[in-house]
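In what follows, a single structure is set out as structure tokens and then discussed.
The values are calculated or read from the model by the stated rules, or taken from the named source; none is laboratory data. Note that the structure is predicted; figures quoted are calculated from it, not measured. Every residue, glycine as well, gets a Cβ built from its backbone with ideal geometry; the counts of neighbours run over all protein chains shown.
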Amino acid sequence: MWIALTRHHAELEERFALRPDAEAEAGRLVEAQLCDPDTAVFVSGPVEAPEAFAIVCVRRAPPIHPESCRAEITDLYVAPSRRRAGWGHELVAAATRWAAERGAEHLEVRVAPDNRESRAFWTAEGYGAFMDVLHRRL
């Protein structure tokens, strides 16, 4: 599913293109996330063939601001055949509960500017602009 998500992003932005060894590496990365106590992976669908997932991470900030803990949903994917059926909403709700239980004071997501479907989803979930991430190719 993570590879499918990345392929979708690659259609919108070429920098998300996959390397030839991406599938093997993705397995190792997901395994590492499953071992990280500050990361949770939520999955929906049949156990033998899940069709949706969300990954959420808790981050601690230096003690210089009043808000010392935040969370980020780094990935959310719902198979095209399951979209608009509430699966994404349920995964976000589970990730939100998990983050709040760990002391997160706000939850962030990153959305590509050209990903209209994702932007509409997150806006409907109550998310709004907080900070623009600017970049420049070197």
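Inclusion of residue 8 among residues that are modelled with pLDDT under 80, under 17 Å from the mean Cα position of the chain (by Cα), surrounded by fewer than 17 Cβ atoms within 10 Å (Cβ to Cβ) and within 18 Å of residue 122 (Cβ to Cβ) is warranted.
So which residues in segment 107-134 are within 16 Å of the chain's Cα centre (by Cα) and closer than 18 Å to residue 68 by Cα, if there are any at all? Those that are within 16 Å of the chain's Cα centre (by Cα) and closer than 18 Å to residue 68 by Cα: 107, 108, 109.
Number of residues in segment 107-127 that are of a type in the set (Gly, Ala, Ser) and touching a residue at least 60 places away in the same chain (Cβ under 8 Å) equals 1.
You will find that of 137, 60, the residue that is more than 20 Å from residue 35 (Cα to Cα) and either under 16 Å from the mean Cα position of the chain (by Cα) or of a type in the set (Lys, Arg) (or both) is 137 and no other. Consider residue 104 carefully, then state whether it is farther than 23 Å from residue 134 by Cα, surrounded by 12 or more Cβ atoms within 10 Å (Cβ to Cβ), within 11 Å of the chain's Cα centre (by Cα) and touching a residue at least 24 places away in the same chain (Cβ under 8 Å). No: the conditions fail for residue 104.
Looking for something among the hydroxyl-bearing types (Ser, Thr, Tyr), within 14 Å of the chain's Cα centre (by Cα) and either in a helix (DSSP H, G or I) or surrounded by fewer than 18 Cβ atoms within 10 Å (Cβ to Cβ) (or both) - is there at least one such residue anywhere in segment 77-93?
Checked segment 77-93: no residue is among the hydroxyl-bearing types (Ser, Thr, Tyr), within 14 Å of the chain's Cα centre (by Cα) and either in a helix (DSSP H, G or I) or surrounded by fewer than 18 Cβ atoms within 10 Å (Cβ to Cβ) (or both).
Can you find a residue in segment 119-131 that is surrounded by 11 or more Cβ atoms within 10 Å (Cβ to Cβ) and not in a helix (DSSP H, G or I)? For segment 119-131, residues surrounded by 11 or more Cβ atoms within 10 Å (Cβ to Cβ) and not in a helix (DSSP H, G or I): present. Examine segment 53-69 for a residue that is assigned to a helix (DSSP H, G or I), of a type in the set (Gly, Ala, Ser) and more than 27 Å from residue 137 (Cβ to Cβ), and state whether such a residue exists. No, there is no match, as no residue in segment 53-69 is assigned to a helix (DSSP H, G or I), of a type in the set (Gly, Ala, Ser) and more than 27 Å from residue 137 (Cβ to Cβ). On inspection, residue 31 does not qualify as part of a helix (DSSP H, G or I), more than 28 Å from residue 137 (Cβ to Cβ), among the acidic types (Asp, Glu) and within 15 Å of the chain's Cα centre (by Cα). Evaluate the following for residue 34: is it within 25 Å of residue 16 (Cβ to Cβ) and free of Cβ contacts under 8 Å to residues at least 24 places away in the same chain? Spelling it out, residue 34 is indeed within 25 Å of residue 16 (Cβ to Cβ) and free of Cβ contacts under 8 Å to residues at least 24 places away in the same chain.
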